[in-house]
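Notes for the one structure printed next.
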Amino acid sequence: MQLFVQTLINGLVLSSIYILVALGFALIFSVMQVLNFAHGSVYMVGAYVTYFVGSIFGLPPWGAIALSAGVMALFGVFLEGCGFRILAKDFNRTLMFSLAVIVLLQTTADVTVGGVLRHVPSVLPGLTRVGTVTLSKERVIACVIAIFLLILVNLLIRKTGLGREMIAVSLDRTASALQGINVHRVSAFAFALSCALASVAGGLMGSITRLDAYMGDAMLVKALALVIIAGMGSIGGLFVSGLIVGFIDATLPIYFGAAGGEVAATAFAILILVIRPQGLFGQEV
Amino acid sequence: MKEGPKTSNGTSLPKYALLFVAAVLLIILPFLGIGGGPYFIHICILIFTFVIVTSSLRTIYLSGQASVAPAAFMGIGAYTSAITSARLGVSPWATMFIAALGTMAVAAAVGYIFSRLRAIYFSVVTVFFGVGVEALIRALESLTGGRTALVGYPGFGILRISGIGVIDFASSKIPAYYLLLILAALTLLALYRLERSRTGMNWAAVAQSPLVASSIGISEVKFRVLAFSVGCFFAGLAGAAYGHYSGVLAPGSYGLMSSIAIVTYLLLGGQKYFFGPVLGVVILVAVPEFFRSAKEYAPYITGGVMLVVIFLIPEGLASLTKPAWLWLRRTAGKGAQ
């Protein structure tokens, strides 16, 4: 029972954090047709920024997460304006630009703050007892925050004018521009939102595991897997693929070890791609 | 994909002269006594290895397949060769080629399965394949040594050739330098011939338009799988040769970030140009070495070079060679007048 419930919570935590990261990745892909490989590094930087704004300004953990999200949103606008907007049409150059961003961010993290064991302080530390099962509150609260944010972002995309503009731009960039939608503003907003979400995910994950300058690499692969399994361009499908991948990562390592679990997870992603390239919920490619 | 600019007859003579000078330089290089001795030789060996891998990756790109798993195939070659030579007691000289063929077989199977995916989807599936291979190396602990490094497999040892004498790979890095130099030269020659052959034209056709290519009887799947397996053959060969030279294999060197680094060498050098990968590898491997005294800051150089190339030289470094040559000729001509 104990193991079952804890695995369930772990699965939910991993799923919700994966979805937060993948949602940003998918947003950028939908709106700009760009695969932002630097997204994992943005997640890593978000975790560190959360840690440092919290410890320098003495903010409570939730304040640190919010402030860090704001900082990273600005960084997202900067990335879009100074890089991706200029290179948008050229796949190789956007790829190279995101790789250069990875190199610069990881090196900066490594030489300035890497190598020291750090944890983001948890929003709600301690343990709680539900019936016979002991749970760590930080995992439960991470899960709750993530789910709350996901609902919020979903409403933002579907119900607000800016969100609808984003959907329009992702469907047809030229037509939206002709309708009077400011495509650049929408792209910048997508980047800001995407980086803010990654930063929150980093802050939440940073309270569960320790910070590491290279923590973004694994997360990038997870985000890719989620987007692929859901189908590129399908935002709603991310929730299902997130649960699948999150629970694979929470359960398989128990039976096969960490590396074995990773082999199984990548094999599953490859299988989905080969059998159903459009993903579970995507359009025909 | 467009072909690189063809050199006209007027410039072909200097091109061969340049190649000849480069060959002579590379052959006498170990005896010039430049910089840190064995360390300098080691960097050269590293450059030769990655020239092989990156050039073979370019061959795969020629057929329109943007693979992001070159390091994974290097790893397959390296581990296969190391394990077969250690467990079966076969000479590394044989296992190196056995491993390359094995890598090619894996690539053919994988390439066939992945051949129904195009463009970004193909790149993404190779990302997963690369991650999976690295995880598999870590998972098969009894065979590969798991997450710690694999050591204790045979190196190239001492080679006795009647008439020439004894070549000792263990006590000096210079024999390995020549081995990798020869392998790199042969690889470049083979890839150059292939690219200029009918097969190479078919690759370009498949890359440009699979539909048109298949309408004139060029099988997309056949030529894509062919390009993929040929490219991976050389990646496996380079991985195996480097593995026997270094004597230590760690799964981390064959992961996603290593693959991405190799893709960066290619894009930075210029994938449209045959010598683009060579330029990219030399610049990105050698330049950070100049700043070795501040090693942890060296990636800033890499990142800076990348940004400059992305924004100022969109076609890659190799696209500068022609204007540079013209400029050189013009200034030289002026000087003569």
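Looking across the range B:1-20, the residues that are assigned to a helix (DSSP H, G or I) and either at pLDDT below 60 or surrounded by 11 or more Cβ atoms within 10 Å (Cβ to Cβ) (or both) come down to B:Asn9, B:Gly10, B:Thr11, B:Ser12, B:Leu13, B:Pro14, B:Lys15, B:Leu18, B:Leu19.
Report yes if B:Val278 is within 30 Å of A:Gln106 (Cα to Cα), part of a helix (DSSP H, G or I), away from every other protein chain (no Cβ under 14 Å) and of a type outside the set (D, E, K, R), otherwise no. Please lay out each step first, then the result.
Values: within 30 Å of A:Gln106 (Cα to Cα): yes; part of a helix (DSSP H, G or I): yes; away from every other protein chain (no Cβ under 14 Å): yes; of a type outside the set (D, E, K, R): yes.
When the stated conditions are applied, B:Val278 passes them.
A:Asp212 meets all of the listed conditions (1) within 30 Å of A:Val113 (Cα to Cα); (2) among the acidic types (Asp, Glu); (3) at pLDDT 85 or above but one, namely (3). If you go through the range A:267-280 one residue at a time, do you hit one that is at pLDDT 85 or above, buried (at least 22 other Cβ atoms within 10 Å of the Cβ) and touching a helix residue (DSSP H, G or I) at 6+ places or on another chain (Cβ under 7 Å)? So far as the range A:267-280 goes, yes, one or more of its residues are at pLDDT 85 or above, buried (at least 22 other Cβ atoms within 10 Å of the Cβ) and touching a helix residue (DSSP H, G or I) at 6+ places or on another chain (Cβ under 7 Å).
Exactly one residue out of A:Thr160, A:Thr128, A:Thr132 is at pLDDT 80 or above and β-branched (Val, Ile, Thr): that is A:Thr160. Selection of first residues in the range B:188-199 that are closer than 11 Å to B:Ser55 by Cβ and of second residues that are of a type in the set (D, E, K, R), restricted to Cβ pairs under 9 Å at least 6 apart or on distinct chains, gives the following pairs, ordered by first then second residue: B:Leu191/B:Arg58; B:Glu195/B:Arg58. Taking the conditions exactly as written (more than 9 Å from chain B (Cβ to nearest Cβ), modelled with pLDDT of 85 or more and either surrounded by 17 or more Cβ atoms within 10 Å (Cβ to Cβ) or farther than 17 Å from A:Met219 by Cα (or both)), does A:Leu74 satisfy them or not? Yes. Would you confirm, using the coordinates I've provided, whether B:Phe169 is closer than 30 Å to B:Ile28 by Cβ and modelled with pLDDT under 90? Spelling it out, B:Phe169 is indeed closer than 30 Å to B:Ile28 by Cβ and modelled with pLDDT under 90.
Every residue in the range B:238-254 that is part of a helix (DSSP H, G or I) and small (Gly, Ala, Ser), please.
B:Ala238, B:Gly239, B:Ala240, B:Ala241, B:Gly243, B:Ser246, B:Gly252, B:Ser253
A:Arg118: within 22 Å of B:Val305 (Cα to Cα), basic (Lys, Arg) and away from chain B (no Cβ under 11 Å), yes or no? The answer is no for A:Arg118.
Quick grid of which residues meet (1) touching a helix residue (DSSP H, G or I) at 6+ places or on another chain (Cβ under 6 Å); (2) of a type in the set (Lys, Arg); (3) away from every other protein chain (no Cβ under 14 Å):
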| position | (1), (2), (3) |
| --- | --- |
| B:Ser142 | no, no, no |
| B:Val151 | no, no, yes |
| B:Gly157 | no, no, yes |
| B:Lys173 | yes, yes, yes |
| B:Leu180 | yes, no, yes |
| B:Leu186 | no, no, yes |
| B:Ser215 | no, no, yes |
| B:Lys222 | no, yes, yes |
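Quick grid of which residues meet (1) within 28 Å of B:Gly269 (Cα to Cα); (2) touching a residue at least 24 places away in the same chain (Cβ under 8 Å):
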residue	(1), (2)
A:Gly46	no, yes
A:Pro61	no, yes
A:Met72	no, yes
A:Leu79	yes, yes
A:Gly83	yes, no
A:Asp90	yes, no
A:Arg93	yes, no
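The residues of the range A:165-223 that are farther than 23 Å from A:Gly46 by Cβ, small (Gly, Ala, Ser) and part of a helix (DSSP H, G or I), listed by number, are A:Ala168, A:Ser170, A:Ala175, A:Ser176, A:Ala177. Just for the range A:178-227: of the residues that are among the charged types (D, E, K, R) and either closer than 15 Å to A:Leu149 by Cα or within 14 Å of chain B (Cβ to nearest Cβ) (or both), which one is surrounded by the most Cβ atoms within 10 Å (Cβ to Cβ)? Filtering first and then ranking leaves A:Lys222.
Of the helices (runs of 4 or more DSSP H) lying entirely inside the range A:23-140, the ones with 1 or more residues being closer than 22 Å to A:Ile151 by Cβ are found at A:39-57, A:61-79.
Before we move on, is A:Val240 closer than 16 Å to A:Leu35 by Cβ and at pLDDT 80 or above? Steps first, answer last, please.
Details: closer than 16 Å to A:Leu35 by Cβ: no; at pLDDT 80 or above: yes.
The answer is no for A:Val240.
Selection of the range B:253-264 for residues being small (Gly, Ala, Ser) and more than 10 Å from chain A (Cβ to nearest Cβ) yields B:Ser253, B:Ser258, B:Ser259.
Among residues of the range A:78-113 being modelled with pLDDT of 85 or more and surrounded by fewer than 16 Cβ atoms within 10 Å (Cβ to Cβ), the one that is nearest to the other protein chains (Cβ to nearest Cβ) is A:Cys82.
Is the range B:213-220 home to any residue that is buried (at least 18 other Cβ atoms within 10 Å of the Cβ) and either in contact with a strand residue (DSSP E or B) (Cβ under 8 Å, 6 or more places away or on another chain) or at pLDDT 85 or above (or both)? No, the range B:213-220 has no match at all.
Taking the criterion of being of a type in the set (Phe, Trp, Tyr), closer than 30 Å to B:Ile158 by Cβ, within 14 Å of chain A (Cβ to nearest Cβ) and part of a helix (DSSP H, G or I), would at least one residue in the range B:224-237 satisfy it? No, there is no match, as no residue in the range B:224-237 is of a type in the set (Phe, Trp, Tyr), closer than 30 Å to B:Ile158 by Cβ, within 14 Å of chain A (Cβ to nearest Cβ) and part of a helix (DSSP H, G or I). State which residue is farthest from the other protein chains (Cβ to nearest Cβ) when the search covers only the range B:100-134 and only residues that are among the polar types (S, T, N, Q) and surrounded by 24 or more Cβ atoms within 10 Å (Cβ to Cβ). This residue is B:Thr103. For the range B:298-337, a residue qualifies if it is exposed (fewer than 13 other Cβ atoms within 10 Å of the Cβ) and of a type in the set (Phe, Trp, Tyr), and exactly one does: B:Trp327.
Looking across B:Leu267, B:Leu284, one residue alone is buried (at least 22 other Cβ atoms within 10 Å of the Cβ), within 14 Å of chain A (Cβ to nearest Cβ) and in contact with a Phe, Trp or Tyr (Cβ under 6 Å, 6 or more places away or on another chain). It is B:Leu284. Cβ-Cβ contacts under 6 Å between residues 6 or more apart (or on different chains), taken from a first residue in the range B:236-261 that is within 23 Å of A:Val221 (Cα to Cα) to a second residue that is of a type in the set (Lys, Arg), are listed as B:Pro251/B:Arg138. Among the residues of the range A:232-272, just one is within 11 Å of chain B (Cβ to nearest Cβ) and not in a helix (DSSP H, G or I), namely A:Met232.
Restricted to the range B:243-255, and to residues there that are in contact with a Phe, Trp or Tyr (Cβ under 9 Å, 6 or more places away or on another chain) and more than 18 Å from B:Leu140 (Cβ to Cβ), the residue that is modelled with the lowest pLDDT is B:Gly247.
Restricting the search to the range A:28-78, which residues are β-branched (Val, Ile, Thr) and either within 30 Å of A:Arg93 (Cα to Cα) or within 17 Å of the chain's Cα centre (by Cα) (or both)? Lay out the reasoning, then the answer.
At the first step, the residues of the range A:28-78 found to be β-branched (Val, Ile, Thr) are A:28, A:31, A:34, A:42, A:45, A:49-50, A:53, A:56, A:65, A:71, A:77.
Within the range A:28-78, A:Ile28, A:Val31, A:Val34, A:Val42, A:Val45, A:Val49, A:Thr50, A:Ile65, A:Val71, A:Val77 qualify.
The values are calculated or read from the model by the stated rules, or taken from the named source; none is laboratory data. What you see is a predicted model; the values in this text were computed from it and never measured. Don't worry about glycine lacking a Cβ; one is built from the backbone with ideal geometry, like all the others, and counts go over all protein chains shown.
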